[in-house]
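In what follows, a single structure is set out as C-alpha cells and then discussed.
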Amino acid sequence: MRERRPRQDLVNFGQQVGAICSSQSPEVALCTHIPAFLPELNPPDAPYMSDNDSKPNADQMKLYWKKNIRCVLCLLVVWFGVSYGCGILFVDELDQFRIPGTGFKVGFWFAQQGSIVTFLALIAFYVRYMNTLDKEFDVEEHDL
Amino acid sequence: MDVQTWTYLIVGLSFILYIGIAIYSRAGSTSEFYIAGKGVSPIANGMATGADWMSAASFLGMAGLISTMGRDGSVYLMGWTGGFVLLAVLLAPYLRKFGKFTVPDFVGDRYYSRSARLVAIFCAIFISFTYVAGQMRGVGIVFSRFLEVPIDQGLIIGMVIVFFYAVLGGMKGITYTQVAQYCVLIVAYLVPVIFISIMLTGNPIPQLGLGGTFKDAAGGAPVYLLDKLDGLSTELGFGAYTSGKKDTIDIFCITMALMVGTAGLPHVIVRFYTVKRVRDARASAFWALLFIALLYTCAPAVAAFARTNILTKVSNTAYSVIPDWFKNWENSGLIAWVDKNQDGMIQYTSGEAFTKIPGATKVEPSYQGNSKAGPRGESGERLLKNVATTDNTNELYIDNDIMVLANPEIAGLPNWVIGLVAAGGLAAALSTAAGLLLVISTSVAHDLVKRTLNPGISEKGELLCARVAAGLAVCVAGYFGIKPPGFVAQVVAFAFGLAASSFFPAIILGIFWKRMNREGALAGMITGITFTTAYIVYFKFISPELNTKDNWLFSISPEGIGTLGMLINFAVALIVSKFTPPPPQDVQDMVESIRYPANNAK
C-alpha cells in the first residue's frame with residue numbers, strides 16, 4: 001500500500017496545533033493531565049489483559065492510550081474554542097474586527113466558515129498523529 | 001430543449017446509473033448486506049457518508065434557513081459539521097475495532113444486556129423512521145416541482161428506486177450508489193453558485209466571494225457584499241444580516257444538540273463499520289467532512305447571494321417588471337405576494353405577509369382556484385385564500401427552498417442546469433433515505449431477529465429477513481411520506497435530540513470508562529430519552545401555545561434540549577454506575593482491546 005500524504009497546508013496547521021498542545025498555556029496545560037473524574041484512564045497498577053496477554057507490553061499500551069487521550073483532549077479544546085468560543089460565546093466581541101482585505105467580520109466568519117475549516121484541519125491532524133503513534137507503538141494493522 | 005425535457009433526461013439518466021450500480025454491486029451475504037463486506041476504501045466511504053449525511057434539508061432547505069436567520073444560521077453550519085470531529089476522535093476508530101454490524105450490537109455487547117440492546121433497537125428504529133419520512137416527502141416535492149407530477153406519484157417513483165437498490169444491494173449497493181449520488185449533488189449545488197458568485201462579486205470561488213466586494217450594476221462606489229446586505233436588511237427592518245438575534249444560550253444548546261446528535265445518528269455511525277482497518281475509519285471521517293464541507297462552506301454564500309438578489313431585485317419593484325423566475329415560482333406556490341396597499345409594488349419587510357390557513361401546520365400560501373390561470377389580481381398576481389395581516393407592511397412570502405431552486409434561473413444559466421439541480425435534490429433525498437432504511441432493516445433482521453429472538457437463524461434466512469424488512473420499511477416510509485402525520489416536520493429536531501440524549505453518552509462512556517456498567521447505561525439512556533421526549537412533546541404537541549422563550553427551561557428551545565438531556569444522561573449514568581457492581585471481566589477486556597488497532601507483540 002502506498003502511503004497517502006496529507007496536504008501540506010493542513011499538515012502545517014496540524015503542526016501548529018501540536019505546538020500549541022505542547023506549550024504550557026494554562027488552559028492547554030489542563031488537558032495534558034487526565035482529569036480526576038476519569039481515574040481509570042490513568043490506572044496506577046490495574047492488571048492489563050490483552051488479546052494475547054503479553055505482560056511486558058502492558059506499560060507500552062498504557063502509554064499509547066495516554067498519548068491518544070492527550071491528543072484527543074487537545075483537539076477537543078480547539079474544537080470547542082473555534083466553534084463555541086469564537087463562533088458563539090465571543091462572537092460579538094470578535095465582530096468588532098475584520099479579516100483584512102475581505103468583508104468578513106471575524107466572529108461571523110468563524111460562525112459560518114472558519115469553524116468548518118478548522119474542524120477539517122483537526123481531523124487531518126488526528127489522522128496523521130494517530131497513524132504515527134500506531135507505528136511507534138507497533139499497534140498498526142497489517143494487510144491480511 | 002426546454003427545461004422539462006432536460007429535467008426528464010438528466011433525472012432519468014441518473015436513475016439508470018443508480019440502478020446499474022445496484023445490480024453490479026448487489027449483496028450476496030449478510031456481511032455484504034450490513035457493512036459492504038468491510039471492503040470500502042476511505043475515499044469512497046467519505047463520499048458515501050457525505051451523501052448519506054446530506055439530506056434534502058441540507059441540499060434544498062439549509063441555504064434558505066441561513067438566509068432568513070442571518071448569522072444565527074451558524075447553528076446548522078457548525079452543528080451539522082462539528083459532530084464529525086467527535087465521530088473521528090471519540091467514536092469511529094473504536095467502533096470499527098469492535099467490528100460488529102450495528103450500534104445496538106455495541107450497546108448490547110458492551111452492556112451485556114438484552115434490555116440495553118432493546119432500548120438501542122427502539123431508538124435506532126424511531127430515529128430512522130422520523131428522519132426517513134421527511135426524505136420521502138422531499139423526493140415527492142422535487143418531483144412535483146420539476147416534473148409537474150403530483151407529489152404522491154413522485155413519491156412512489158422514488159420508493160420504487162430506493163426499494164430496488166436498498167433491497168437488492170444492501171449496504172454494498174447503497175454505498176456505491178451514494179458515491180454516484182454525491183457526485184451528482186455536489187456538481188448540481190456548485191455550478192449555479194459559482195456563476196452567481198461571479199455575477200455578484202466577480203470571484204469564482206463562492207467561499208471567497210462571500211467576503212468580496214459587491215459588483216454594482218449601477219456603478220456605485222465599491223462596497224463589501226456583506227456590508228451592502230447589512231445595509232439593505234437594516235433599511236427594511238430585518239436587522240443587520242451579520243448580527244445575531246437569538247439568545248446565546250439557545251444558540252449554544254442547539255449547536256451542541258445537533259453536533260452530538262450527528263455523532264449519535266445510527267446511519268452515520270454504521271458507515272464507519274464498512275472499511276477494512278481502524279486507520280481507514282479515521283481517514284474516512286476526514287474525507288467525509290471534506291466532502292461535506294465543500295457544500296457546507298458554500299451554503300452561507302448561497303444564502304447571502306440569494307438574500308442580496310431578493311432585496312435588490314424584488315423589494316420595491318413593480319410586479320409588472322419582476323423577473324420571470326419570480327412568476328415561475330409563484331406558480332409553484334413557493335413565492336406569494338399580496339398587494340396590501342394596492343400600489344402594484346412589492347414591499348418586503350419583516351413579519352408574516354398573511355396568516356395561516358386554519359388547520360395548516362405553518363404559514364403557507366393557498367391559492368384561490370386550482371389552475372395557474374386561476375383568479376388573478378389587478379397587477380396579475382395569483383390571489384390567495386390566506387387573510388392578509390394588518391400589523392405589518394410586508395407583502396411577500398418566500399419559501400426557504402427557493403434560495404437553491406431558483407439559483408440557476410436567477411443566474412440566467414442554461415436549461416440543463418435546472419435539470420441538474422432537480423437531479424441533485426433527488427440524489428440528496430434518495431441517498432439519505434436509503435441509508436436510513438438500511439439501518440431499520442439491519443436493526444430488525446440482525447439485532448431483533450438474529451441476536452434477540454431467533455439466534456439459530458441461518459445466514460440465508462437472515463439475509464432474506466433483512467430484505468423483507470427493508471422492503472416493508474420502504475412501504476411504511478412511503479406511507480408516512482404520502483400521508484405525513486402533522487408531526488413529521490416537528491420531529492426532525494427530535495431525531496437529533498434523541499440521538500444526543502440516548503446513544504452518545506452510552507457509547508462514549510462505554511469506550512472511555514471501563515467501570516461503566518449495565519445499570520448505569522440503562523438508567524442514563526432511559527432518563528435522557530424520557531426527559532428529552534417529555535420536553536419536546538410538551539412544547540410541540542400538548543401546549544404549542546406556550547412554546548415561547550419565557551416558558552422554556554433556562555430559555556433553551558425544544559430544538560436545543562437534547563443537550564440538557566445528554567448532560568442528564570451522563571450524570572445519571574456516572575452516579576448509578578458508582579453505586580452498582582462493575583461490569584464482568586470479559587467486558588472490561590473487550591473495552592481494553594478496542595483501544596488498540598492491533599496488538600502485534602506476540
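Just so it is clear, none of the values below were taken in a lab; they were calculated from the coordinates. Since we're looking at a predicted model, the values are computed, not measured. Don't worry about glycine lacking a Cβ; one is built from the backbone with ideal geometry, like all the others, and counts go over all protein chains shown.
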Along its principal axes, what span do the Cα atoms of chain B show, with the longest given first and each in whole Å?
-> 80, 53, 46
Using θ = phi - 60° and the Karplus curve 6.51 cos²θ - 1.76 cosθ + 1.60, what whole-Hz ³J(HN,Hα) does each residue of the stretch B:506-518 get, with Gly and Pro shown as x?
-> 4, 6, 4, 5, x, 7, 9, 10, 5, 6, 4, 10, 4
Trypsin sites (Lys or Arg not before Pro) within the stretch B:24-72, DSSP loop, no more than 16 other Cβ atoms inside 10 Å | B:R26
Separation between Cα centres of the stretch A:101-122 and the stretch B:55-74, rounded to whole Å = 17 Å
In sequence order, what are the phi-derived ³J(HN,Hα) couplings for the stretch B:71-85 according to the Karplus relation 6.51 cos²θ - 1.76 cosθ + 1.60 with θ = phi - 60°, rounded to whole Hz, with x for glycine and proline?
-> 4, 4, x, 4, 4, 6, 4, 6, x, 8, 10, x, x, 6, 5
Count, for each residue of B:590-597, the Cβ atoms from other chains sitting within 10 Å of its Cβ, then give me the mean as a whole number.
-> 5
May I ask you to list the residues of the stretch B:1-35 whose amide nitrogen lies under 16 Å from a point 7 Å from Cα along the Cα→beta-carbon direction of B:V149?
-> B:4-19
In the stretch B:319-415, GluC sites (Glu not before Pro) in a DSSP loop with at most 11 other beta-carbon atoms within 10 Å | B:E378
Taking the simple approach of a point 7 Å from Cα along Cα-to-Cβ for both B:R376 and B:K327, what is their distance in nm?
-> 0.6 nm
Sorted by chain and number, the residues with a modelled amide H under 5 Å from that of B:I357, at a separation of 5 or more or across chains, are B:E364
Considering only B:V191, B:L236, B:G497, whose Cα is most displaced toward the positive end of the charge dipole of chain B, charges sitting on Cβ of Lys, Arg (+1) and Asp, Glu (-1)?
-> B:G497
Compute the signed sum of charges (Lys and Arg +1, Asp and Glu -1) over the other residues within less than 14 Å, Cβ to Cβ, of B:I141.
-> -3
Calculate the length of the line joining the C-alpha centroid of the stretch B:414-464 to that of the stretch B:231-255, in whole Å.
-> 38 Å
Dividing the alpha-carbon radius of gyration of the protein assembly as shown by 2.2 N^0.38 Å, where N counts its residues, gives 0.96
Would you please put B:512-520, B:531-539 in order of how densely packed they are, using the mean number of other Cβ atoms within 10 angstrom per residue and starting with the highest?
-> B:512-520, B:531-539
Note down the nm distance, to one decimal, between modelled labels 7 Å out along Cα→Cβ at B:I23 and at B:D391.
-> 6.0 nm
Sticking with the crude label model, points 7 Å out along Cα→Cβ, report the distance from A:H142 to B:S320 in nm, one decimal please.
-> 8.4 nm
Could you give me the ³J(HN,Hα) list for the stretch A:89-98, computed from phi with Karplus coefficients 6.51, -1.76, 1.60 and θ = phi - 60°, whole Hz, x at Gly and Pro?
-> 6, 10, 5, 5, 4, 5, 5, 6, 10, 10
Under 5 Å from the placed amide H of B:Y367, counting only residues 5+ away or on other chains, we find B:K385
